Amino acid sequence: MRVRSPGRLRATLRVPPDKSISHRALILNGIAEGEARVENLLDSDDVRSTAACMAALGVEIDWPAGSTEARIRGAGLHGLYESDDTLDCGNSGTTMRLLTGLLAAQPLFSVLTGDDSLRTRPMGRVIEPLRRMGARISARRGDTLAPIAIRGGNLRAIQYEMPVFSAQVKSALLLAGLSVEGRTRITEPVPTRDHTEKMLAAMGAPVAREGRTVTVRRPGRLQPLGMRVPADISSAAPWLVLGACHPDAELHIEGVGINPTRTGLLDILGRMGASIELQEERETSGEPVADLVVRSSTLSGVTVQGNEIPRAIDELPLVALLGCFAHGTTVVREAEELIVKESNRIETVVTMLAALGASIEATADGFVVEGPSQLHGARLDAANDHRMGMLGAVAGALASGETRIENDAVSVSYPDFWQALEAAAPEAAQTA
Ligand code: S3P
């Protein structure tokens, strides 16, 4: 794709449904008893991977191509079938880690695999605690990399202190905990997104939180959870950053999920001095939602660390771009998790923004950016990482001249991203 900076930006946008909630709507309703109707389900590659895996395990899913409405007939906690083939999780870490937890507790033999990127991502973090629960799991490279082979069943409850923050690992253990006797206790180092706990509680599972610890016990059954998925704040994020950095912008984004475990970027933007307004705060299917308005802003550099890191984990590459437009130094630290995302996001963000003329340096656990600097167009490789594809697009729309983005992979979470950019600013985006 080729991108140029638009002179003026005025648009009202609807961004795609939340990816994390969409995965969970399929998986959790897949083991409920009865039928659920899910509206505004994200129709993207990652969520289709989850749907295909659940269907291969015997869950009836009626989700026509191109539709955002699905009917899921749950198989119940004990009704999944053994898949007669490997389960392909594509590019999706959420699919692989959550299903590893689910299948570790099922009396089935399962093999999970994925694309070149997913097969390099760390799976030991989910395999190790599941083994402590008694699961029989083997994987490549000393049980750390997919493909993962699981001979499931007969687990016991554990108390587990997670060494790394990960909503995916927490969710995997909660899913395993649904099928074991006794109480599974999971303690997080810092709080991560809580959609799994919230949805399980709404489905009648005995889930409780106390401080950094979540506990779950085996429910008799899970009730189906009909719901409407809110728009994804991680997909709103590129627009929020574009609007804040562009000199003549006002963007409205409708119905965005603002669950406090996800709003790190809003807090960071606020601390940098960005003009962000939350309007019409309301609730959709148990999740807080608002319309967001962003306007051109004068930004100052900030340091991002601690609890804010998991709350903005997928938006941290965009914080580097904000740093290019902010006065002073922007530092992101304690974010070594970025290294093991769909690409090594510390390396990719630094390479991409440096090519555009940013003053940015990688550190062991993040990056340091000096601003402001005038970015100029360049040729960028987004390393087949959707978030980096969108970072490149927004950076290109803020740079002088033309930027070309290769390997953007936006279909993983935001299939019509390029059309949305073209609609918001017709002179900004062009298919290469
Ligand atoms: C996700 C959790 C985060 C996030 C990912 C989606 C989820 O990963 O980066 O995009 O849906 O649970 P980790 O839990 O591995 O940090």
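For the range 180-189, taking the residues that are in a loop (DSSP other than H, G, I, E, B) and open to solvent by 20 Å² or more (accessible area, probe 1.4 Å), the one that is nearest to the ligand (Cβ to nearest atom) is identified as Pro189. Of all residues in the range 120-138, those satisfying the criterion of being farther than 16 Å from Gln168 by Cβ and of a type in the set (Lys, Arg) are Arg131, Arg132, Arg136.
Rundown of residues vs (1) modelled with pLDDT under 95; (2) within 16 Å of the ligand (Cβ to nearest atom); (3) buried (at least 19 other Cβ atoms within 10 Å of the Cβ); (4) not aromatic (Phe, Trp, Tyr), yes/no style:
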{"residue": "Glu342", "(1), (2), (3), (4)": "no, yes, yes, yes"}
{"residue": "Leu353", "(1), (2), (3), (4)": "no, no, yes, yes"}
{"residue": "Ala364", "(1), (2), (3), (4)": "no, no, no, yes"}
{"residue": "Leu375", "(1), (2), (3), (4)": "no, no, yes, yes"}
{"residue": "Gly396", "(1), (2), (3), (4)": "no, no, yes, yes"}
{"residue": "Glu402", "(1), (2), (3), (4)": "no, no, no, yes"}
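When the range 200-230 is filtered for residues that are closer than 26 Å to Asp314 by Cα and open to solvent by less than 10 Å² (accessible area, probe 1.4 Å), the ones remaining, listed by number, are Leu200, Val214, Val229, Pro230. Looking only at the range 190-197, decide whether some residue is at pLDDT 95 or above, surrounded by fewer than 16 Cβ atoms within 10 Å (Cβ to Cβ) and within 13 Å of the ligand (Cβ to nearest atom). Yes, the range 190-197 has at least one match.
For Met133, the conditions (1) under 27 Å from Asp314 (Cβ atoms); (2) open to solvent by less than 40 Å² (accessible area, probe 1.4 Å) all hold with the exception of (1).
Of all the numbered requirements in (1) away from the ligand (no atom under 16 Å from the Cβ); (2) in contact with a Pro (Cβ under 8 Å, 6 or more places away or on another chain); (3) not in a strand (DSSP E or B), His327 misses one, and that requirement is (3).
For the range 61-111, a tally of residues being within 22 Å of the chain's Cα centre (by Cα), more than 16 Å from the ligand (Cβ to nearest atom) and closer than 21 Å to Ile148 by Cβ returns 3.
Hey, among the residues in the range 148-179 that are surrounded by fewer than 17 Cβ atoms within 10 Å (Cβ to Cβ) and not in a loop (DSSP other than H, G, I, E, B), which one's nearest to the ligand (Cβ to nearest atom)? In this case the residue turns out to be Glu161. With respect to Val368, determine if the residue is among the β-branched types (Val, Ile, Thr) and open to solvent by 10 Å² or more (accessible area, probe 1.4 Å). It is true that Val368 is among the β-branched types (Val, Ile, Thr) and open to solvent by 10 Å² or more (accessible area, probe 1.4 Å).
The values are calculated or read from the model by the stated rules, or taken from the named source; none is laboratory data. None of the values given here were measured: they were computed from a predicted structure. Quick reminder, even Gly has a Cβ in these numbers, built from the backbone with ideal geometry, and neighbours come from all protein chains shown. Only protein heavy atoms, including side chains, enter the accessible area calculation; ligands, DNA and RNA are left aside. Shrake-Rupley method; radii C 1.70, N 1.55, O 1.52, S 1.80 Å.
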